[in-house]
Amino acid sequence: MFTNEIKIMLYVDDVEKNATFWTNNGFAELDRQEMDGTLIVEIGPAVDAQAKLVLYDRKFIEAHSPEVASNSPSLMFASEDVFGLYKKMQTNKVTLGDLVQIGEEYVFNFADPDGNYFAVTGK
């Protein structure tokens with residue numbers, strides 16, 4: 001049986017740079033370890049989050065699991081303060097899309113240092 005915890009593997013060019021990017025923008029670092037000489041960092045939107053990102057070095061994945069190395073997830077995060085998060089990311093000079101209203105929700109997208117895009121929604 002599955003549990004309600006999910007870990008999403010994100011393959012990046014520079015694990016440390018991406019870990020810094022995410023923690024600077026409100027995520028918590030949950031775990032850090034080395035495996036076969038490569039750094040792996042687990043992060044989440046909160047320390048007790050049930051959905052987490054696990055940052056893996058893309059070259060490591062290409063060497064060990066080439067069939068999944070080019071897969072990119074399409075993720076949408078939720079925010080209780082979408083306007084505050086947008087402003088924080090602007091201050092951090094994150095590449096941002098426009099903040100738009102769709103029905104009763106607001107949505108914007110942003111890019112990480114590797115150019116992967118993610119969306120955020122909130123009321």
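The values are calculated or read from the model by the stated rules, or taken from the named source; none is laboratory data. All of these numbers come straight from a predicted model, not from anything done at the bench. Note that each Cβ is placed from the backbone with ideal geometry, even for glycine, and that neighbours are counted across all protein chains shown. To get the accessible areas, we keep the full protein, side chains included, count just its heavy atoms, and leave off ligands, DNA and RNA. Shrake-Rupley method; radii C 1.70, N 1.55, O 1.52, S 1.80 Å.
Only one of the numbered conditions (1) in a helix (DSSP H, G or I); (2) open to solvent by 90 Å² or more (accessible area, probe 1.4 Å) is not met by LYS93, and that is (1). Of all the criteria given as (1) open to solvent by less than 30 Å² (accessible area, probe 1.4 Å); (2) in contact with a helix residue (DSSP H, G or I) (Cβ under 8 Å, 6 or more places away or on another chain), the one not satisfied by GLY44 is (2).
Tally up the residues in region 77-90 that are surrounded by 11 or more Cβ atoms within 10 Å (Cβ to Cβ), more than 23 Å from ASP14 (Cα to Cα) and not aromatic (Phe, Trp, Tyr), please. Walk me through how you get there before you give the answer.
Within region 77-90, the subset surrounded by 11 or more Cβ atoms within 10 Å (Cβ to Cβ) is 77-79, 81-90.
After this cut, where a residue has to be more than 23 Å from ASP14 (Cα to Cα) as well, the list is 78-79, 81-87.
Keeping just the survivors that are not aromatic (Phe, Trp, Tyr) gives 78-79, 81-82, 84-85, 87.
Total satisfying the criteria: 7.
Quick grid of which residues meet (1) closer than 28 Å to LYS123 by Cα; (2) of a type outside the set (Asp, Glu):
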| residue | (1), (2) |
| --- | --- |
| LEU10 | yes, yes |
| ASP13 | no, no |
| ASN18 | yes, yes |
| GLN33 | no, yes |
| ALA46 | yes, yes |
| GLU105 | yes, no |
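In region 56-76, the condition of being among the aliphatic types (A, V, I, L, M), closer than 14 Å to MET9 by Cβ and open to solvent by 40 Å² or more (accessible area, probe 1.4 Å) is met by at least one residue.
If you take the residues in region 96-123 that are under 21 Å from LEU55 (Cα atoms) and among the aromatic types (Phe, Trp, Tyr), which one is most open to solvent (accessible area, probe 1.4 Å)? Once the filter is applied, the top-ranked residue is TYR117. Every test in (1) among the aliphatic types (A, V, I, L, M); (2) assigned to a loop (DSSP other than H, G, I, E, B); (3) more than 22 Å from ILE6 (Cβ to Cβ) is passed by ALA69 save one, and that test is (3). Listed by first and then second residue, the pairs linking a residue in region 39-67 that is over 18 Å from THR23 (Cβ atoms) to a residue that is among the polar types (S, T, N, Q) and part of a strand (DSSP E or B), with Cβ atoms under 6 Å apart and 6 or more places separating them unless they lie on different chains, are PHE60/THR38.
The residue pairs whose first member lies in region 76-87 and is assigned to a helix (DSSP H, G or I), whose second member is open to solvent by 90 Å² or more (accessible area, probe 1.4 Å) and modelled with pLDDT under 95, and whose beta carbons are closer than 9 Å, counting only pairs six or more residues apart or on different chains, are VAL82/LYS123.
Take the residues in region 96-119 that are polar (S, T, N, Q) and assigned to a strand (DSSP E or B); name whichever of them is nearest to the chain's Cα centre (by Cα). Step by step, filter region 96-119, then rank; the result is ASN109. Taken over region 1-34, the criterion of being open to solvent by 60 Å² or more (accessible area, probe 1.4 Å), under 16 Å from ILE61 (Cβ atoms), part of a strand (DSSP E or B) and touching a residue at least 12 places away in the same chain (Cβ under 8 Å) is satisfied by LYS7, MET9.
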